[in-house]
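S.K.: I'd like to ask you about the structure that follows.
The values are calculated or read from the model by the stated rules, or taken from the named source; none is laboratory data. Keep in mind that this is a model prediction, so the values were computed, not measured. Reconstructed Cβ throughout: ideal geometry from the backbone, glycine too, with neighbour counts over all protein chains shown. Note: areas computed on protein heavy atoms with side chains; ligands, DNA, RNA excluded. Shrake-Rupley method; radii C 1.70, N 1.55, O 1.52, S 1.80 Å.
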Amino acid sequence: MNRAGALRPEQKIAVVGAGAMGRGIAQVAAAAGHQVLLYDAITGVAQKAMEIFRRELDKLVSRNKLSAQDADA
């Protein structure tokens, strides 16, 4: 954290719970440049969240609201 208490972009963030809220937090943090670790107690839920992220990013790319390079990053 910096002096104001804000996270630096290179910091890792762990999100426990990959439901709608956790998935949203993880997506916003990743978009801000943080490395995100996403966990869930139920097997497969974090992987499903990653699939949802990819679909959402692909939609943004198809609508020219995000570059493919930024989506991949």
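S.K.: Output the peptides 17-23, 62-68 sorted from most to least packed, where packing is the average of other Cβ atoms within 10 Å over each peptide's residues. Could you put the intermediate results ahead of the total?
M.R.: Numbers: 17-23: 16.0, 62-68: 10.4.
Output ranking for 17-23, 62-68: 17-23, 62-68.
S.K.: In the chain, what percent of the accessible surface is made up of carbon and sulfur (1.4 Å probe, ligands and nucleic acids excluded)?
M.R.: Numbers: 3080 of 5450 Å².
On the chain, the fraction of accessible area on carbon and sulfur atoms equals 56 percent.
S.K.: Over region 22-73, calculate the relative contact order: mean separation of alpha carbon pairs under 8 Å at least 6 apart, over the residue count, as a percent.
M.R.: Working: 20 pairs, mean separation 10.8, N = 52.
Here the relative contact order equals 21 percent.
S.K.: Taking the square root of 5 times each eigenvalue of the Cα gyration tensor, what semi-axes in Å does the equivalent ellipsoid of region 15-73 have, largest first? List each step's numbers first, then the result.
M.R.: Details: eigenvalues 92, 29, 14 Å².
Result for region 15-73: semi-axes of 21, 12, 8 Å.
S.K.: With every protein chain present, what is the per residue accessible area of the chain (1.4 Å probe, Å²)?
M.R.: Working: 5450 Å² over 73 residues.
Solvent-accessible surface per residue comes out at 75 Å².
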